[in-house]
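The values are calculated or read from the model by the stated rules, or taken from the named source; none is laboratory data. Owing to the predicted nature of the structure, the values given are computational and were not obtained by experimental measurement. When we count neighbours, we look across all protein chains shown, and the Cβ atoms used for this are built from the backbone with ideal geometry, even at glycine. Calculation scope for accessible area: heavy atoms of the full protein, side chains included, ligands and nucleic acids excluded. Shrake-Rupley method; radii C 1.70, N 1.55, O 1.52, S 1.80 Å.
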Amino acid sequence: MKNESSTIVPLESYLNNGIRNLMSNAYKSALSNPKEALFIFRMQKVFGRSEKKRTAYKEKENLHIPPFLISSIATDCNLSCKGCYAHANNICRTAAQEQKEELTAEQWKQIFLDAAEMGINFNLLAGGEPLLRKDILKAASGVRDMIFPIFTNGTVITDSYLDFFAENLNLIPIISLEGGKERTDDRRGQGVFNKVIHAMEHLKKRRLFYGASITVSTENLVTTTSSSYITLLKDLGCQIIFFIEYVPSEAGTEHLALDETGIAQMEVNLEKLRNEFTDVIFLSFPGDEKALGGCLAAGRGFFHVGPDGRAEACPFSPYSDSNVAQKGLKETLKSPFFAKLRASGLIGGEHTGGCTLFEYEDQVKTMLNSI
């Protein structure tokens with residue numbers, strides 16, 4: 001599905017407008033909870049200042065600052081999900097492996113502080129299971145000018161964590177699901193669905209702002225983009241939903257990736273959901289990148305920081321020439337590898353769905369080796 005050049009919006013304008021709309025919708029969704037609404041109102045002002053910071057870097061240093069980061073802060077996970085990219089890309093360690101090199105909580109906090117100072121608004125925390133690194137989450141909680149969506153499997157949300165989220169509204173749990181009980185348990189393990197629903201019920205009871213992350217595949221597209229499924233999540237208190245197209249990082253799962261027909265159907269279904277559920281925020285990856293002329297990786301809209309600090313274009317493309325903990329965030333954004341990717345046409349080129357960098361892995365490795 002090719003983009004028409006006339007529909008492509010300038011990158012900075014699209015990202016800035018997108019963040020304004022996202023925060024406006026979040027404010028509307030949180031009006032039933034005065035504490036949450038006041039927090040989002042404050043963050044709207046913070047993000048206005050952040051936008052000016054990003055613009056200043058562009059004007060004074062010709063340096064584009066993306067508004068998002070993705071940080072994989074954990075190498076351990078209590079689940080072993082089928083088709084997990086973190087296992088396939090060696091982010092997660094298995095029980096038989098030795099402890100992987102990981103940044104300390106202090107190193108992560110410095111990265112978070114530097115990012116906020118440069119105008120980066122959102123830092124999506126992943127893993128592994130990020131809730132297994134509460135020391136890093138405590139460090140993140142102190143960075144008040146940044147919002148941290150935490151992509152968690154939802155099975156280790158305890159009363160202690162509920163208290164922690166209530167005290168630190170800049171940390172937003174995003175709970176992973178695959179659809180209903182059968183599909184979720186099949187991919188994530190028996191009993192996981194019930195544990196997730198239990199966690200959602202407690203988040204709702206505490207009136208906490210939280211969301212869900214759904215990996216969309218050929219097996220669950222119809223179910224997960226249906227009105228009845230979104231009604232279920234909404235009734236559980238879910239206020240933001242991420243739809244992420246399945247990337248076949250594990251051999252033998254290629255049939256689960258959406259083809260052009262599936263991608264087109266997902267776009268139609270998502271538009272219907274946005275019109276029907278005006279008080280729920282829907283985000284689609286990579287679907288929402290379409291208007292930008294392609295992938296937002298390698299610093300266009302975000303990049304990925306691995307558990308050891310390595311800067312990668314995307315979680316699905318684990319190749320790097322820089323380490324944020326060693327070089328600092330500003331120098332990492334000047335990465336020759338990222339620049340080469342952006343100039344290659346793989347980043348910001350025509351977008352057909354799925355992960356472009358994953359699809360052209362051999363070309364990505366060749367570019368890295370030529371630096």
Accessible surface of Lys134 - all protein chains present, 1.4 Å probe, nearest 10 Å²: 60
Specify the inter-centroid distance of segment 242-301 and segment 124-190, based on alpha-carbon positions, in whole Å. 22
Under 10 Å, Cα contacts only: if you run a Gaussian network model on the chain, which one of Gly301, Gly180, Gly252 comes out with the highest mean-square fluctuation? Gly252
Could you tell me the accessible area of Arg133 in Å² (1.4 Å probe, neighbours in place), rounded to the nearest ten? 40
Pairs from Lys53/Lys340; Lys109/Lys138; Lys109/Lys327; Lys60/Lys334; Lys45/Lys138 whose Cα-Cα separation, in the structure shown, is over 20 Å: Lys53/Lys340; Lys45/Lys138
What net charge do the residues around Leu368 carry, taking every other residue with its C-beta under 15 Å from that of Leu368, with Lys and Arg at +1 and Asp and Glu at -1? 0
Per-residue ³J(HN,Hα) for segment 358-367, Karplus 6.51 cos²θ - 1.76 cosθ + 1.60, θ = phi - 60°, Hz, x for Gly and Pro: 5, 5, 10, 4, 4, 5, 5, 5, 4, 4
Just want to confirm a number: the relative contact order over the chain, from Cα pairs under 8 angstrom separated by 6+ residues, in percent. 19
Can you list the residues, at least 5 places off or on another chain, whose amide H is less than 5 Å from the amide H of Leu124, using H built in the peptide plane? Leu69, Ile70, Ser71
Which of [x] 27, 24, 23; [y] 44, 23, 18; [z] 35, 24, 21 is the computed semi-axes √(5λ) of the Cα gyration tensor in Å? It is [x]
Using θ = phi - 60° and the Karplus form 6.51 cos²θ - 1.76 cosθ + 1.60, what ³J(HN,Hα) does each residue of segment 228-238 get, whole Hz, x for Gly and Pro? 5, 6, 5, 4, 4, 5, 5, 5, 7, x, 6
For the Arg49, Gln190 Cβ pair and Förster radius 41 Å, calculated FRET efficiency rounded to 0.05 is 0.30
Take every DSSP beta bridge whose two residues both sit in the chain, then give the antiparallel share in percent to the nearest 5. 15
Give the lysines whose C-alpha is closer than 17 Å to that of Lys272, dropping any in the same chain fewer than 8 places away, or say none. Lys234
Under a plain spin-label model, where a point goes 7 Å from the Cα along Cα-to-Cβ, how far apart in nm are Lys330 and Asp159? 4.8
Would you mind calculating the relative contact order of segment 197-309 from Cα pairs under 8 angstrom and at least 6 residues apart, reporting the percent as a whole number? 26
Which far-off residues, 5 or more places away or on another chain, put their amide H under 5 Å from the one on Ser213, with H placed in the peptide plane? Ile175, Ser176, Leu177, Phe242
Give me, ordered by chain and number, the residues 5 or more places off Ile172 or on other chains with an amide H under 5 Å from its own placed amide H. Phe148, Ile150
Hey, what number do you get for the chain at 222 nm if only DSSP H runs of n ≥ 4 count, each worth -39500 (n - 2.57), divided across all residues, to the nearest 500? -13000 deg cm²/dmol
Sequence order, segment 294-305: Karplus ³J(HN,Hα) from phi using 6.51 cos²θ - 1.76 cosθ + 1.60, θ = phi - 60°, Hz rounded, Gly and Pro as x, gives x, 4, 9, 6, 6, x, 5, x, 6, 8, 10, 10
Taking 0.36 nm per residue of separation and subtracting the Cα-Cα distance, what length does fully extending Lys205 through Ser24 add? 62.8 nm
Segment 84-214: C-alpha gyration tensor shape, a/c 1.5 cut-off, then a/b vs b/c: oblate
